[in-house]
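We did not get these values from a lab; they are worked out from the coordinates using the rules stated. A quick note: this is a predicted structure, and the numbers were derived from the prediction, not measured. Cβ placement follows ideal geometry from the backbone for every residue including glycine, while neighbour counts extend to all protein chains displayed.
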Amino acid sequence: MSKKHNLGTEGQFLHIQGNNSFLLIAKAGRPLCICIETADDEYCQGLSPDDIIVVSAPEGGPIEPAILLLELVKNYQCPLLVLPKSHPGSKRLRYITSAGDRIRLSCSIERGTHPEQDVLCANGEFSGLVLSAVNGGVVIKGPETDYPVTLIRYAIPPVSPLTWK
C-alpha cells in the first residue's frame, strides 16, 4: 500500500505521528552535499532538490528539536555523525536523521550507527515503511500507511550578524 503526500521546499515539513514516536520529513530544496562522519572516514553524499531529509524520533518528544536538527542539516550543512556499532551513546540519541531519495525505516538497527543513508532507525510502529522522494512530494509505502500526516509550515528567522563597536 502506498500514499503520496505533497511537500514544498521552503519551510514545509511533513509530520507523521505514530502512537509513541514521530517522523519529520523535508525536501532538500536545492542541490546539497551532506558530509557523513564516521570514526574512521568521511563520506560526502549529494542530494538533489527533490531528495528528502528525514528525522526520526523513536521515543517521541517535542517536535522543535526535530525541526532544528532538520534545519541544521538542510540549511547549514551540519554533518551527519555516525557512531561505531555498540557505542553507549547510541541509546541516548532521541532524534536521528537520514537523507536521500529513498529511506527504509527499521526498528532492528542501532540508532546513529549506519552510514548508509537508505536506512533509518525508527520505532517499531514505523518499521517496514519506505519513504521515497518524488517530484513535489513524498510517497509513503509499507504494510500500513494510514498514519496521521500533517503539513507543518515553520521558518527559523535569519540570524542578524553581530555588530562590533
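The table below lists the values:
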read-out: Residue-count net charge about Leu93 - beta-carbon cut-off 12 Å; Lys, Arg +1, Asp, Glu -1; value: +2
read-out: For segment 82-121 and segment 10-67, distance of Cα centres in Å; value: 11
read-out: Zone of Ile152's modelled label, taken as backbone nitrogen in segment 70-106 under 17 Å from a point 7 Å along Cα→Cβ; value: 70-75, 94-98
read-out: Coil-residue chymotrypsin sites (Phe, Trp or Tyr not before Pro) of segment 95-161, DSSP, other Cβ within 10 Å capped at 16; value: Tyr154
read-out: Residue list for segment 4-45, given a label point 7 angstrom along the Cα-to-Cβ vector of Leu72 and an amide N cut-off under 15 Å; value: 35-37
read-out: Trypsin sites (Lys or Arg not before Pro) lying in DSSP loop within segment 54-133, provided at most 14 other Cβ fall within 10 Å; value: Lys85
read-out: Inter-label distance, nm, simple model (7 Å from Cα along the C-beta direction), Asp118/Asn135; value: 2.3
read-out: Per-pair calculated FRET efficiency, R0 = 45 Å: Asp40 and Glu10 via Cβ, rounded to 0.05; value: 0.80
read-out: Reported label for calculated semi-axes √(5λ) of the Cα gyration tensor in Å given (i) 39, 16, 14; (ii) 34, 22, 13; (iii) 23, 21, 16; value: (iii)
